[in-house]
Amino acid sequence: MTGNVNQRLASFEKKFMGALDGVNLFLFVLLIILASLQVSFRYLFFAPLPWTEELSRFFLVWVAFLGAASVTRRKLHILVDYLVSKMPLRANRIIGKILYLLGIAFMASVLWGSIIMMEDAWPVHLGSIPWLSVSFLYLGAVIGSAIMLFYLILHLRRGASFLPPELETAPPENAGQRGEVILTWLFLIVLLLLIFVGLPIALSMGATTLIAVAFKRGIGDIPHTMMAQRMVYGVNSFPLLAIPFFLLVGRLMNIGGITDRIYTFCSVLIGHVRGGLAHVNIMGSMIFAGMTGSAVSDAVGLGQMEIKAMTDQGYDRKFAAATTAASATIGPIIPPSIPMVLYGVLGNVSVGALFIGGIIPGVLMGLFMMAVVATVAKRRGFPLQKRATLGQIIRAIYRAVFPLLSPVILIGGIWGGIFTPTEAGVVAVLYSILLGLVIYREMNFRGLLRMLKEALDDTSILLFIIAAASVYGWFIARYQISTSIVEQMLAISKDPMVFLFIVNLLLLVVGCIMESLAAINILTPILLPVAASLGIDPVHFGLVMVLNLMIGLITPPVGMVLYAVQRVAGINFDDLVKAVAIYYIPLMLVLFMITVFPPLVTWLPSTILTK
């Protein structure tokens, strides 16, 4: 009897979550349609629709919370699993129970605050949509938080860890100097401890804030409504709409016949020189970078094709994989860039200026990597490819002309002030669908639906981290954590260059042990005020920060690009790490150059965007 009941409950749960995922996918598609409408009416009919932006942000909140519930059920949240995956099973489960209790406490606070805010916001309506109450904005948070809470409790009862199954605003309050220092160190130590023992990044930030607020104000005086409000409005942002669009573009290009055309184009141009296919690998990444803004998308999208082509021509598989991994770090430097969007939103820095500022460093990264390839190719005697004929070059250009126009349209549009970075993401999605479905006809609706689902998962994970980071940022501002850190860091040195080198060392270490977007969420509210107090340009600081963390993507133990390329190449992880080490030289050289010579970053945006 009990077995039948459990089976029925499991069947109901599966159907319910399937329906919920369907609703969330519908909202995600609706989000794309609304943003497309806004761009179309603004630039084709010169009559922008103000309600499309508000409704898009409205749906973005729902996607964030409903998606977070879905990824909680499947345990897909981003976490640092290097330590916890190596713990004995018993210790893993004990720590897992503690972490689940912290996650449950945080989500219970958010749920309770969302319910109160939903009641309080009923009389308030969206400006351009008078029939839609702001309460419905919080309804998404209520539903998502409740389902998350349910699954956190369910996982706790099952004794599971957070690892996937296969891995089993008020004015600041004044306080005494001693109290500020204690609170600052409590805040940072608890956060790092929770992250390193395996609590997902988003829940680590939320739980740390909850613990610190309880320490400061007492358990009975936790501002649940403020925490819910900060989370909701943390993702209720038009610039953040760029993130799902650029995530989707990377996936669409992989199935739309675009990546192979880019690769062939690069191959006929420079494939005949010594080490030519490695040069093609890097050049392809530089072009692909102008479309997606994601290092992992670059590594997965071009990686399989590049590694196979290089090994078929007699290149060492480890070197082919290392070149693919290293060149993928160019993706978030040459615009567009998802990390720069996030940094710009968190730091209130012009995303357009960040995008333009990344062009010169990105090109330098590619050229310096090519210099390494030329040296290695000569020493190892890599094979030469037959020079392409004029006819082959013309055919490759003809096949690649539309994909090559994509970075021109995106970068040129932002450069010329024609559209915003968010609108550039919309244009990129529409252009990719047009190429894949209509022009090349290599994409079908089933493949498109699969890519939408995968992009929705990625979007939900990142947006929930951003929502939690908003609560975390509120606490930093309210209790003057950043002020305390500024004072302590300035006590070491007030020289901007010394500070930048300290930041470089810090971020290189952080990049080894933490996912890059999570690090940007955590460190931007802390480090940017210090940089600003020293007169460091926020665009310059943003590029230094992002490049440091991109180096972390190919640095063990966490390096996400390393794991992506390892799966594609089918080689030993340690062998890949050894092979990629030679590419640290050009990356470190570019990092040093943009650190000590800021005009490499700031000259182009200051010249272009001030005209």
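The table below lists the values:
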| item | result |
| --- | --- |
| Full-extension gain in nm, residue 395 to residue 440, via 0.36 nm per residue minus C-alpha separation | 14.7 nm |
| Förster-model FRET efficiency, 25 Å R0, residue 493 and residue 189, C-beta, rounded to 0.05 | 0.60 |
| Test item: Cα-centred dipole of the chain, Lys/Arg +1 and Asp/Glu -1 on Cβ, debye | 1400 debye |
| Euclidean distance of C-alpha centroids, region 276-307 and region 490-538, integer Å | 29 Å |
| From the coordinates shown, semi-axes √(5λ) of the Cα gyration tensor in Å corresponds to which of [x] 38, 28, 26; [y] 49, 30, 23; [z] 60, 35, 21 | [x] |
| Mean ellipticity per residue at 222 nm, deg cm²/dmol - from DSSP H runs of n ≥ 4 across the chain, formula -39500 (n - 2.57) | -25500 deg cm²/dmol |
| 1.4 Å probe accessible area per residue over the chain, in Å² | 40 Å² |
| Reachable aspartates and glutamates from residue 386, criterion Cα separation under 17 angstrom, eight or more residues apart if same chain | 312 |
| In nm, spacing of pseudo-spin labels at residue 575 and residue 13 (7 Å Cα→C-beta vector) | 4.1 nm |
| Linear extension gain, residue 375 paired with residue 214, 0.36 nm per residue minus alpha-carbon span | 52.2 nm |
| In Å², nearest 10: area of residue 460 left accessible to a 1.4 Å probe | 0 Å² |
| Nearby lysines by direct alpha-carbon distance to residue 97 (threshold 24 angstrom, same-chain neighbours under 8 apart not counted) | 75, 86 |
| Among 557, 290, 50 - extreme Cα towards positive end, dipole of the chain, charges at beta-carbon | 557 |
| Residue-level accessible surface for residue 155, protein heavy atoms, 1.4 Å, Å² | 10 Å² |
| Peptides ranked, highest mean first, by Cβ atoms within 10 Å: ranges 519-526, 212-219, 583-590 | 519-526, 583-590, 212-219 |
| Accessible surface of the chain [probe 1.4 Å, protein heavy atoms]: carbon and sulfur percent | 67 percent |
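The values are calculated or read from the model by the stated rules, or taken from the named source; none is laboratory data. Predicted, not measured: the structure shown is a model, and the values here were computed from it. With ideal geometry, Cβ positions are generated from the backbone for all residues, glycine too; neighbour counts draw on all protein chains shown. Areas reflect the complete protein model, heavy atoms only, side chains present, ligands, DNA and RNA absent. Shrake-Rupley method; radii C 1.70, N 1.55, O 1.52, S 1.80 Å.
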